[in-house]
Structure formats: structure tokens, C-alpha cells
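Peer 1: Below you will find the structure I want to go over with you.
Derivation of every value follows stated rules applied to the coordinates shown; laboratory data play no part. Everything numeric in this text was worked out from a predicted model, so none of it was measured. Every residue, glycine among them, receives a Cβ derived from its backbone with ideal geometry; neighbour counts consider all protein chains shown.
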Amino acid sequence: MTIKAYEDDNIFAKIIAGDLPCHKIYEDDKTLAFMDIMPQAKGHVLVIPKQKAVELSQLEPEYASAVLMTAKKVMAAQRKVFQREGIIQMQLNGAEAGQTVFHYHVHLIPSNFHELGQHATTQADMAELAEQAKQLKEAIEAA
Ligand code: AMP
């Protein structure tokens with residue numbers, strides 16, 4: 001089984017490099033968290049490592065751990081801001097699984113599994129995403 005090679009010009013690599021904008025909510029030396037622009041529910045966030053990894057099998061332990069630590073911060077903020085108990089943690093490995101961006105990322109989606117919207121389909125209102133990002137960023141900073 002061959003895994004897709006990492007491409008340096010993928011969308012998330014460009015976001016890490018600052019060459020593409022994002023609605024950032026948190027950043028540290030190993031991770032970045034930002035709003036998904038085609039959310040499957042209100043408050044859908046992506047957490048990515050600053051490591052060149054297409055999928056889980058390529059993720060180095062220190063980055064795997066850093067992504068999960070950031071995911072915990074994001075999840076606590078989502079609960080506070082959106083008042084949802086249910087936070088879906090999702091991560092797709094390989095095109096067959098539905099992966100569309102080939103830089104490892106964890107989805108954190110405040111939702112009920114049975115109410116989840118379609119994957120990567122409808123672009124959100126940018127002003128709404130900016131407001132949600134602001135609220136989540138403030139909640140993380142206040143924690
Ligand atoms: P996946 O299909 O698991 O690889 O998920 C990729 C996710 O990235 C989808 O949920 C898309 O909506 C999201 N996405 C694609 N382009 C961008 C972008 N420029 N900024 C934020 N999210 C994006």
C-alpha cells in the first residue's frame with residue numbers, strides 16, 4: 001500500500017507558512033488551530049502539526065502529543081463558547097477514507113454525530129467564522 005507523498009504546496013502548509021490566511025484560534029511551536037472554512041457544524045476547528053505528515057502513520061510522537069494537547073484546549077473552549085457537550089474528534093487517513101487535504105489534521109466538531117453536515121461542502125460566512133475564532137481564542141487565553 002503506497003501512501004501519497006507529502007506535497008510542500010498543500011493548503012495547510014501554505015497556512016503554516018503564512019502564505020494563505022486562516023481564522024486562527026491558537027498557535028504554539030508545534031501546532032496551529034483554525035476554523036474549518038466548510039464547517040460540518042457551527043464551531044468546526046482543525047488542529048494541525050507543524051510537521052510534514054500526510055497522515056497518522058507519518059506523525060512523529062512529539063507532534064502527535066502536541067496536536068492532542070492543543071485539541072484539548074480547543075475542545076474546552078468549544079464547550080464554553082458553544083455550550084455543546086458533544087465534540088466529535090475526527091481524522092481521515094487516505095483519499096479512500098475521504099481525506100481531501102494531505103497534511104495531517106484533526107477535526108473538532110461541536111455536534112451530534114447524527115446531525116453532522118456534509119464533509120467539505122459549503123463555505124461558511126467569513127464574518128461568522130471570524131467572530132467564532134475571536135470567541136474561541138479568548139476562551140483559550142482565559143483558561
Ligand atoms: P479532510 O477531508 O479530512 O482532509 O479535511 C479537510 C478539511 O479542510 C475540510 O473539512 C475542509 O472544509 C477544510 N479546508 C479546506 N481548505 C481550507 C482552508 N483554506 N481553510 C480552512 N479549512 C479548509
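Peer 1: Hey, what do the phi angles of the range 39-52 turn into as Karplus ³J(HN,Hα) couplings, whole Hz, using 6.51/-1.76/1.60 and θ = phi - 60°, x for Gly and Pro?
Peer 2: x, 8, 6, 4, x, 5, 10, 10, 10, 10, x, 8, 9, 6
Peer 1: Using a Förster distance of 25 Å, how high is the FRET efficiency between K80 and A17, based on the Cβ-Cβ distance and rounded to 0.05?
Peer 2: 0.25
Peer 1: Using a Cα-Cα cut-off of under 19 Å, which lysines could be cross-linked to K24, ignoring same-chain neighbours fewer than 8 residues away?
Peer 2: Within the straight-line limit of under 19 Å, K24 reaches these lysines: K14, K42, K50, K72, K73, K80, K134, K137.
Peer 1: Can you compute the radius of gyration and Dmax for the chain, using only the Cα atoms, both in Å?
Peer 2: Rg, Dmax (Cα atoms, Å): 14.3, 45.
Peer 1: While we're looking at this one, here's another question. Using only DSSP helix segments of four residues or longer, with each worth -39500 (n - 2.57), what per-residue ellipticity at 222 nm results for the chain after dividing by its residue count and rounding to 500?
Peer 2: So the helix-based figure for the chain works out to -10500 deg cm²/dmol.
Peer 1: Check each of the GluC sites (Glu not before Pro) in the range 7-71 and keep only those in coil by DSSP with at most 16 other C-beta atoms within 10 angstrom; list them in order.
Peer 2: E7
Peer 1: While we're here: Compute, for the chain, the length of the dipole vector about the Cα centre, with Cβ point charges of +1 (Lys, Arg) and -1 (Asp, Glu) only. Units Debye, rounded to 20.
Peer 2: 340
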